[in-house]
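The values are calculated or read from the model by the stated rules, or taken from the named source; none is laboratory data. Keep in mind that this is a model prediction, so the values were computed, not measured. Here Cβ is always computed from backbone atoms with ideal geometry, including for glycine, and neighbour counts include all displayed protein chains. Just the protein is used for accessible areas: all its heavy atoms, side chains included, with ligands, DNA and RNA removed. Shrake-Rupley method; radii C 1.70, N 1.55, O 1.52, S 1.80 Å.
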Amino acid sequence: MKIPTSPYSGGGISVVINPATGQAVGEVGLAGLVETDDAIARAAAAYPQWKALAPADRAQLLRDFAAAVDAHTDELAALEVLNSGHTISNAVWEAGNVKNVLTYYSAAPERHFGKQIPVAGGVDITFHEPLGVVGIIVPWNFPMPIAGWGFAPALAAGNTVVLKPAEVTPLTAMRLGELATAAGIPDGVFTVIPGKGSVVGDRFVTHPAVRKVCFTGSTDVGKNIMRGCADQVKRLTLELGGKSANIVFADADLEKAAASAPGSAFDNAGQDCCARSRILVQDSVYDRFLTLLEQSVKEFSVTDPNDPRAQMGPMITAKQKAAVQSFIDGADVAFTGAEVPADGFWLSPTVALPRSEADPVWTQEIFGPVVAVMPFKTEEDAIRMANDTEYGLSGSIFTNDIGRALRVARGVESGNLSVNSHSSVRYWTPFGGFKQSGLGRELGPDAPDSFSDVKNVFIATE
Ligand code: NAD
């Protein structure tokens, strides 16, 4: 497999490691400050023409980009398995998600409507004006989808984009950059810059030509970026951490709830901001649920990510594995899942029983294949426990009582809830966090609005 080559070197080299084996698979040159400034300058220079392009022409270029991604799905998926240890079925879905998001927002240039507002003495109309250069900072856990959720609506709204992948997972983003160029996206309109957060990412925050930053990653880094953006009143979207609750009521289909719980907590080895890493079970069915859960956790397939049957692969790095292991070492473990290979950065799915609501396994975002289970008594208890966290990204409610489902969905302080399912992200519905899980929304029909400013124009007719 061909590893994409980087034109940068000023920021040193990143050794790319296959997390399933721990073996190096290539090297990527990282951008330094001068190279970053140069890329931002090219994006700023490309902006006026991209903005002025006829809507139908911008739409067509985005459709061409989508077609190029579609034609390279297998290659992109194989690169992601190699670089990130994602299961092949997930990686194929992720490449398809980039294509779908590009296709969805390719409809936006011709439909990004303003308003005509009734006024006396004239006509009042609004325009959605693009912002300029948008800087997108991507984490390592979903390198392709999170990149696409930023660049597709940003480009559709008429902005140019500079995008920084995470240091350890640059390959698919770099390949997407090459595919954009091959599809005819003009030079400077979409530039992928591999580099360090402290160099390239920070420059997106401080460079005055970058008019918006989209950041997905840890809450601490997000808070610093928010402070930095304040200096220039820079527009900002934040998608941060989570500690989401999966609430199982006694009247639910317990078999369905137990069968689906491992996927909701261990998909992507739990390295998912939407992971339902806390399961709240009504006390009258707690024992039965745990018995069912043990069976489904043992059946959860943790194996070579190239195997189409794999449901979970390795953790991303030795460091991330060690951080997760330290939580497991301090927890009361009820049971674990499949045995895992010794080489690479693997951990077995782990179910922990918190000693109290203050137990770190219950309160901290672990970002690994660890789920904590606790009983609750009443609907009010469940809502209180679910909300007892600084986060508010997603969550699930299992019940057959539709009134309760809606009451609890309205009561849980989270941006994305699902009833009798664990779905979180559809590209045509809005996604984002309450509280310290984030700021703003990605995806859905309104995403191009967050990559533009509204201009109001009054024309006197008298
Ligand atoms: P991270 O915050 O360390 O890094 C995320 C990105 O920010 C990387 O590209 C990194 O290089 C860059 N970065 C680091 N320091 C920076 C700085 N000072 N200035 C600018 N950019 C900087 O997070 P991570 O370890 O890559 O990802 C794991 C975390 O991300 C978890 O806490 C997880 O919850 C969160 N996450 C949230 C979502 C979401 O949608 N809410 C999605 C994925 C990950």
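Could we say that residue 289 is within 16 Å of the ligand (Cβ to nearest atom) and either part of a strand (DSSP E or B) or among the hydrophobic types (A, V, I, L, M, F, W, C) (or both) here? Talk me through it step by step, then tell me what you get.
Working: within 16 Å of the ligand (Cβ to nearest atom): no; either part of a strand (DSSP E or B) or among the hydrophobic types (A, V, I, L, M, F, W, C) (or both): yes.
In short, no.
Can you tell which of 335, 345, 367 is on the phi > 0 side of the Ramachandran plot and at pLDDT 95 or above?
Numbers: 335 fails: on the phi > 0 side of the Ramachandran plot; 345 fails: on the phi > 0 side of the Ramachandran plot.
Of the residues listed, the single one that is on the phi > 0 side of the Ramachandran plot and at pLDDT 95 or above is 367.
Away from the ligand (no atom under 15 Å from the Cβ) and under 18 Å from residue 46 (Cβ atoms): does that describe residue 120? Walk me through it before giving the result.
Details: away from the ligand (no atom under 15 Å from the Cβ): yes; under 18 Å from residue 46 (Cβ atoms): no.
Answer is no for this residue.
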What is the one condition in (1) within 17 Å of the chain's Cα centre (by Cα); (2) of a type in the set (D, E, K, R); (3) assigned to a loop (DSSP other than H, G, I, E, B); (4) in the same structural domain as residue 37 (by TED's automatic domain parsing) that residue 276 does not satisfy? (4)
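Okay, residues lined up against (1) open to solvent by 10 Å² or more (accessible area, probe 1.4 Å); (2) farther than 16 Å from residue 101 by Cα; (3) at pLDDT below 95:
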position	(1), (2), (3)
151	no, no, no
164	no, yes, no
169	no, yes, no
174	yes, yes, no
196	yes, yes, no
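Report whether or not residue 204 is buried (at least 24 other Cβ atoms within 10 Å of the Cβ) and under 27 Å from residue 32 (Cβ atoms).
Working: buried (at least 24 other Cβ atoms within 10 Å of the Cβ): yes; under 27 Å from residue 32 (Cβ atoms): yes.
When the stated conditions are applied, residue 204 passes them.
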Listed by range, strands (runs of 3 or more DSSP E) wholly within region 130-223 having at least 2 residues that are within 15 Å of the ligand (Cβ to nearest atom), among the aliphatic types (A, V, I, L, M) and farther than 27 Å from residue 25 by Cα are 210-216
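Has region 11-20 got any residue that is open to solvent by 40 Å² or more (accessible area, probe 1.4 Å) and not aliphatic (A, V, I, L, M)?
First pass over region 11-20, keeping only residues open to solvent by 40 Å² or more (accessible area, probe 1.4 Å): 13, 15, 17.
With the extra rule that they be not aliphatic (A, V, I, L, M), the set shrinks to none.
Among the residues of region 11-20, not one is open to solvent by 40 Å² or more (accessible area, probe 1.4 Å) and not aliphatic (A, V, I, L, M), which makes the answer no.
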Of all residues in region 232-258 being open to solvent by 10 Å² or more (accessible area, probe 1.4 Å) and more than 16 Å from the ligand (Cβ to nearest atom), the one that is nearest to residue 283 (Cα to Cα): 250
Quick one: is residue 3 surrounded by fewer than 19 Cβ atoms within 10 Å (Cβ to Cβ), touching a strand residue (DSSP E or B) at 6+ places or on another chain (Cβ under 6 Å) and in contact (Cβ under 8 Å) with a residue 24 or more places away in the chain? yes
Here is a list of conditions, (1) without any contact (Cβ under 8 Å) to a residue 12 or more places away in the chain; (2) of a type outside the set (S, T, N, Q); (3) over 23 Å from residue 275 (Cα atoms), and residue 132 meets all of them except one; can you say which number that is? (1)
Pairs under 8 Å by beta carbon, first residue assigned by TED's automatic domain parsing to the domain that holds residue 88 in region 58-76, partner of a type in the set (Phe, Trp, Tyr) and buried (at least 19 other Cβ atoms within 10 Å of the Cβ), six or more apart or different chains? 58/50; 62/105
